[in-house]
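So the structure is just underneath, and the comments pick up after that.
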Amino acid sequence: MTLQLDELYQEIILDHYRNPRGAARLDHVPENRVHENPTCGDAVKLEVPLQADGTVGPVRFDGKGCAISTASASLMTAHISGKSVAEARADAERFITVMRGGEDADILDEWDDLACLKGVIRYPLRVKCATLAWHALLDALAEAAQGDDPNSE
């Protein structure tokens, strides 16, 4: 990766950290829905509304975390909202696989600004930061598939 591309990616991460998209207070989402990364203290909870047509509505998140964790959650909300549940699940699984080195990271180039997280793969401890919200998304989608409202107790 060139230095200019690294700088651009850093700017995208910092922009999503400072101005996270999809961020909201989610006091109505119970604390047992919080996902945590005990290694660094990142925590996130999601609101994943499912529409009658089988698509994911506007995803929102609440949490605290490092720049990578917050930026990843912000980027995820924009990427997932409006997709079918199956597409959202497949994208989350694929993102996690890519971040863990199981697939070519260049796949993220097709996902617009999510490509900015490719550099995180070089830092295994930070991969957990980048994938935290995506794991929370998978859990929320699994709960919804079981008929549970992922946003309530």
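Throughout, read-outs are computed from the coordinates displayed, never taken from laboratory work. Nothing here was measured: the structure is a model prediction, and the numbers come from that model. Note that each Cβ is placed from the backbone with ideal geometry, even for glycine, and that neighbours are counted across all protein chains shown.
Note on Glu7 and Leu125: their simple-model spin labels are 2.8 nm apart, each label 7 Å out from Cα toward Cβ. Of all aspartates and glutamates in the structure, those lying under 13 Å Cα to Cα from Lys64, and not within fewer than 8 positions of it along the same chain, are Glu36, Asp42. For the chain, the 222 nm mean residue ellipticity estimated from helices alone, with every DSSP H stretch of n ≥ 4 adding -39500 (n - 2.57) and the total spread over all residues, rounds to -14500 deg cm²/dmol. Over segment 90-137, all Cα pairs binned in 5 Å intervals from 0 give whole-percent P(r) values of 5, 24, 37, 28, 6, listed from short to long.
The C-alpha atoms of the chain define a longest principal axis, and helix 85-99 lies at about 30 degrees to it. Label-to-label distance for Glu110 and Ala145 is 2.1 nm, based on points extended 7 Å past Cα in the beta-carbon direction. Computed over the chain, the alpha-carbon pair-distance distribution with 5 angstrom bins reads 2, 10, 20, 24, 22, 13, 7, 2, 1, 0, each value a whole percent. You can think of it this way: the chain between Asp27 and Thr55 has 7.7 nm of extra reach, that is 0.36 nm per residue less the Cα-Cα gap.
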